[in-house]
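Colleague: First the structure, which I've put down as structure tokens, then a few questions once you've had a look.
The values are calculated or read from the model by the stated rules, or taken from the named source; none is laboratory data. These numbers come from a predicted model, not from an experiment. FYI the Cβ positions are ideal-geometry reconstructions off the backbone, even for glycines, and counts take in every protein chain you see.
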Amino acid sequence: MNGKAESGIVQRSLSAHSSIGLLCCALLYLICVTGTAIVLYEEWQRIEQPAAPEMTSIDAPTVQRAIENVLESESDRATTTHVFVHLPTPALPRTTITTDTQAFHIDRDGEIAVPEENAWAEFVLALHYRLNLPATIGMTLVGAFGAMIVALSISGVLAHPRIFRDAFRLRARRGDEVSTVDWHNRLAVWTLPFAIAIALTGSMIGLFYVSGGSMAATAYSGDSEAAIAPIFGSEPEADATKAPLANTVPALAHMASQFPDIRPSYVILHDPGTVGQHIQIVGLHSQRLIFGEYYAFDAQGHFKGTAGMADGTVGQQLAASTYNLHFGNYGGLPVKIAYILFGIALSVVIATGTFIWLNKRERRGVPSALLRSAWWGLVVGVPLALSATLAARILVGNEAPFVVIFWLVCLISLGVCIVRGTGASTAEWASPAKAQG
């Protein structure tokens, strides 16, 4: 390839890189910051409710007793279509039962201890998943932005042919300060595999929701369960006729005797108290990225087979591995710490990318003080708003209006930075002089 052709590719790639970045930088920054925070999803739950009973394990009869106790507390059993029992795991050593209308932490005797109160962790998860928008719109946007991160990564590499060769070269300006461009490029290289993996899995998670619904509507007459059955397995035909509650004890005993290396993490009771009720147990597979395998049982606890998450088609295993790979739910705390560090680096890459664009505008004689101030407002405002919502959770409780607080603090930060003009003391490190070269 001659120099002129290579220069043309570089210029086109640089143009595409800047256009995509300007289009989505604000929401990308928000998604990356909240994604970094939600890596500690289980840990945040324990911080929110430190007094909830904890245990390393719970026996099968106690689980059954706990299910019965929770169902007895339901005001309208007819509305209860599912019972989810979270069994103790190393990341979250608690037993929690969730129905369609309520959730409780369970003590060692299977008695209801306290209601589950983890509204802040759920708020951050929803903010990351769907930006506090309706599910279809929000998850579509987040999935699309994941694809944009892939495009940004590829176009960024093509726009800087020496980016890998200079991966550890940091140029200082004005003393020993490192330029914004160098930090942006170096962090982008160091986090490139992470960024692509996170972006691809995020796109899969976000767009699967939409594509699954579209497939159900067009090919399965609106039956969403039939649409996802090839991946997650099919369910028995429903029968709402009343029947005695299913017995989960034999199912858990079967897991212990026949699959001793598999750790159950969830017991799911479908359509409890009906003829069509059945049991699923989610089993954790060590040394695997999959979130777990579904083990199916009938109401009497007789084993019916698995869904194929662990040993089915490549597509099934890939789909089952997406969630853990995206959120770092494998390898314990060391992997989570690595995800947090990479997430912070990726957030810095996005923030500095906009500062680089602003610097270029100013070198061309285009004033950018207002835009620079607004961007500082967002960069500072998002982590500040998350901190404010966490403070509200501590001071006000589980019912605090987290969505209102978050966006209000973001707007206030944006307004304050614009009014103050963000003086040279805060923007000096991102000044045009530092981005030259």
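Colleague: Check region 233-247 and report whether any residue there is exposed (fewer than 14 other Cβ atoms within 10 Å of the Cβ), touching a strand residue (DSSP E or B) at 6+ places or on another chain (Cβ under 7 Å) and at pLDDT 90 or above.
Modeller: From region 233-247, those exposed (fewer than 14 other Cβ atoms within 10 Å of the Cβ) are 234, 237, 239-242, 244; that's our starting set.
Filter once more, so that each one left must be touching a strand residue (DSSP E or B) at 6+ places or on another chain (Cβ under 7 Å): 239-242.
Within this subset, residues satisfying the condition of being at pLDDT 90 or above are 241-242.
Checked region 233-247: at least one residue is exposed (fewer than 14 other Cβ atoms within 10 Å of the Cβ), touching a strand residue (DSSP E or B) at 6+ places or on another chain (Cβ under 7 Å) and at pLDDT 90 or above.
Colleague: May I pose another question? Tell me whether region 158-180 contains one or more residues that are at pLDDT 70 or above, in contact with a Lys or Arg (Cβ under 6 Å, 6 or more places away or on another chain) and surrounded by 16 or more Cβ atoms within 10 Å (Cβ to Cβ).
Modeller: yes
Colleague: With the requirement that a residue be modelled with pLDDT of 90 or more, on the phi > 0 side of the Ramachandran plot and more than 20 Å from the chain's Cα centre (by Cα), what does region 282-318 give you?
Modeller: Matches in region 282-318: G301, G305, G308.
Colleague: Then there is this: Determine which member of the set S15, S7 is of a type in the set (S, T, Y), at pLDDT below 60, surrounded by fewer than 21 Cβ atoms within 10 Å (Cβ to Cβ) and in a helix (DSSP H, G or I).
Modeller: Numbers: S7 fails: at pLDDT below 60.
Answer to the selection: S15.
Colleague: In addition: Return yes when H82 is surrounded by fewer than 17 Cβ atoms within 10 Å (Cβ to Cβ), outside the structural domain of T389 (by TED's automatic domain parsing) and in contact (Cβ under 8 Å) with a residue 60 or more places away in the chain and no when it is not. First the steps, then the outcome.
Modeller: Values: surrounded by fewer than 17 Cβ atoms within 10 Å (Cβ to Cβ): yes; outside the structural domain of T389 (by TED's automatic domain parsing): yes; in contact (Cβ under 8 Å) with a residue 60 or more places away in the chain: yes.
It is true that H82 is surrounded by fewer than 17 Cβ atoms within 10 Å (Cβ to Cβ), outside the structural domain of T389 (by TED's automatic domain parsing) and in contact (Cβ under 8 Å) with a residue 60 or more places away in the chain.
Colleague: Name the residue that is surrounded by the fewest Cβ atoms within 10 Å (Cβ to Cβ), counting only residues in region 291-325 that are of a type in the set (F, W, Y) and under 26 Å from S203 (Cβ atoms). Before you say what the answer is, go through the steps one by one.
Modeller: Quick first cut of region 291-325, residues of a type in the set (F, W, Y) only: 291, 294-295, 297, 303, 323.
Keeping just the survivors that are under 26 Å from S203 (Cβ atoms) gives 291, 294, 323.
Working: F291: 21, Y294: 19, Y323: 16.
Among those residues, the one meeting the criterion is Y323.
Colleague: Could I ask something else about it? Could you look through region 92-127, keep only residues that are surrounded by fewer than 20 Cβ atoms within 10 Å (Cβ to Cβ) and within 23 Å of G138 (Cα to Cα), and pick out the one that is nearest to the chain's Cα centre (by Cα)?
Modeller: The first filter runs over region 92-127 and keeps only residues surrounded by fewer than 20 Cβ atoms within 10 Å (Cβ to Cβ), leaving 92-93, 98, 100-103, 107-109, 111-115, 117, 119, 122, 125-126.
The next check asks that each one be within 23 Å of G138 (Cα to Cα); those that pass are 100, 119, 122, 125-126.
Details: D100: 22, A119: 16, E122: 11, L125: 6, A126: 8 Å.
Taking the candidates together, the pick is L125.
Colleague: Out of region 356-374, which residues are of a type outside the set (K, R) and either touching a His at 6+ places or on another chain (Cβ under 8 Å) or at pLDDT below 85 (or both)? Talk me through it step by step, then tell me what you get.
Modeller: Applying the first criterion (of a type outside the set (K, R)) to region 356-374 yields 356-359, 362, 365-371, 373-374.
If the condition is that a residue be of a type outside the set (K, R) and either touching a His at 6+ places or on another chain (Cβ under 8 Å) or at pLDDT below 85 (or both), then I356, W357, L358, N359, E362, G365, V366, P367, S368, A369, L370, L371 are the ones that fit.
Colleague: Another question, if that's okay. Any idea which of (1) at pLDDT 90 or above; (2) part of a loop (DSSP other than H, G, I, E, B); (3) within 19 Å of F84 (Cα to Cα) is the one D261 doesn't satisfy?
Modeller: Here D261 clears every test but (3).
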